[in-house]
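Participant: So that we are looking at the same thing, I have put the structure below in structure tokens.
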Amino acid sequence: MNEGLSLLKEEIETFNPGLKLLKKPIWLSSQDKRQANRHASILIAVENAKQAQLAIEKRLCIAGNYLIAEKCKENIVHKQCQNCLKYGHSTRACFAQSICSICAEMHKTFEHKCNICNTQGQACPHTTLKCSNCGENHMASSNICLFKTHPEKRSYKHA
């Protein structure tokens, strides 16, 4: 799978003159969904806007087929990473330390464990909630967090 994406990157660069990908393509759907469907979408990152426009206008040649290329429509600014809990990037693109959504400590949320009742991976009555983004007493994924409801309150150090 990983090797296939590297080969796809090479093929796109070879058969689409003027395109240089910044990294390997990324699948936009899960492996289960891809196996159930005949078609799937990938996300490619090119070096600049001129290359992106070239791919959109001329289509991408992949495996001898000219396929439609579109500008990514996802609004990544509102997307919260499930690894570091910051906004502005996807979990797949995150290389930061994992942060717990429950207590804001440096471990994955599913590893969170209460020392009193041994509840694991979720908040319990003994848990002191802490948001890793704003420091308030709610989970980082909470809809009451100002970082979620008011993106303009975020600074670039949090995105």
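The values are calculated or read from the model by the stated rules, or taken from the named source; none is laboratory data. Note that the structure is predicted; figures quoted are calculated from it, not measured. With ideal geometry, Cβ positions are generated from the backbone for all residues, glycine too; neighbour counts draw on all protein chains shown. For accessibility, only protein heavy atoms count, side chains too; no ligands or nucleic acids. Shrake-Rupley method; radii C 1.70, N 1.55, O 1.52, S 1.80 Å.
Participant: Can you tell me which residue is modelled with the lowest pLDDT among those in the range 80-120 that are of a type in the set (Val, Ile, Thr) and surrounded by fewer than 14 Cβ atoms within 10 Å (Cβ to Cβ)? Break it down into steps so the answer makes sense when it comes.
Facilitator: Filtering the range 80-120 down to residues of a type in the set (Val, Ile, Thr) leaves 91, 99, 102, 109, 116, 119.
Retained after the next criterion (residues that are surrounded by fewer than 14 Cβ atoms within 10 Å (Cβ to Cβ)): 91, 116.
Numbers: 91: 86, 116: 92.
Applying the filter and picking the extreme gives 91.
Participant: Cβ-Cβ below 8 Å, separation at least six or inter-chain, first residue in the range 10-32 and without any contact (Cβ under 8 Å) to a residue 12 or more places away in the chain, second in a loop (DSSP other than H, G, I, E, B) and of a type in the set (A, V, I, L, M, F, W, C): which pairs?
Facilitator: Short answer, once both residue conditions are applied: 13/19.
Participant: Identify the residue in the range 121-144 that is open to solvent by 40 Å² or more (accessible area, probe 1.4 Å) and of a type in the set (Ser, Thr, Tyr) and, among all such residues, is nearest to the chain's Cα centre (by Cα).
Facilitator: Here the answer is 141.
Participant: A follow-up question, please. Would you confirm, using the coordinates I've provided, whether residue 100 is in contact with a helix residue (DSSP H, G or I) (Cβ under 6 Å, 6 or more places away or on another chain) and outside any helix (DSSP H, G or I)?
Facilitator: Here the answer is yes, as residue 100 does meet what is asked.
Participant: I'd like to check something: does the range 63-79 contain any residue that is among the aliphatic types (A, V, I, L, M), surrounded by fewer than 12 Cβ atoms within 10 Å (Cβ to Cβ) and modelled with pLDDT of 90 or more?
Facilitator: Checked the range 63-79: at least one residue is among the aliphatic types (A, V, I, L, M), surrounded by fewer than 12 Cβ atoms within 10 Å (Cβ to Cβ) and modelled with pLDDT of 90 or more.
Participant: If I ask for residues that are exposed (fewer than 11 other Cβ atoms within 10 Å of the Cβ) and in a helix (DSSP H, G or I), which ones from the range 27-55 would you list? Let's see the steps before the verdict.
Facilitator: Taking the range 27-55 as the starting set, the residues that turn out to be exposed (fewer than 11 other Cβ atoms within 10 Å of the Cβ) are 30-32, 35-39, 48-50.
Of everything in the range 27-55, those that are exposed (fewer than 11 other Cβ atoms within 10 Å of the Cβ) and in a helix (DSSP H, G or I) turn out to be 31, 32, 35, 36, 49, 50.
Participant: Among (1) without any contact (Cβ under 8 Å) to a residue 24 or more places away in the chain; (2) open to solvent by less than 100 Å² (accessible area, probe 1.4 Å), where does residue 60 come up short?
Facilitator: In the conditions (1) without any contact (Cβ under 8 Å) to a residue 24 or more places away in the chain; (2) open to solvent by less than 100 Å² (accessible area, probe 1.4 Å), residue 60 misses (1) alone.
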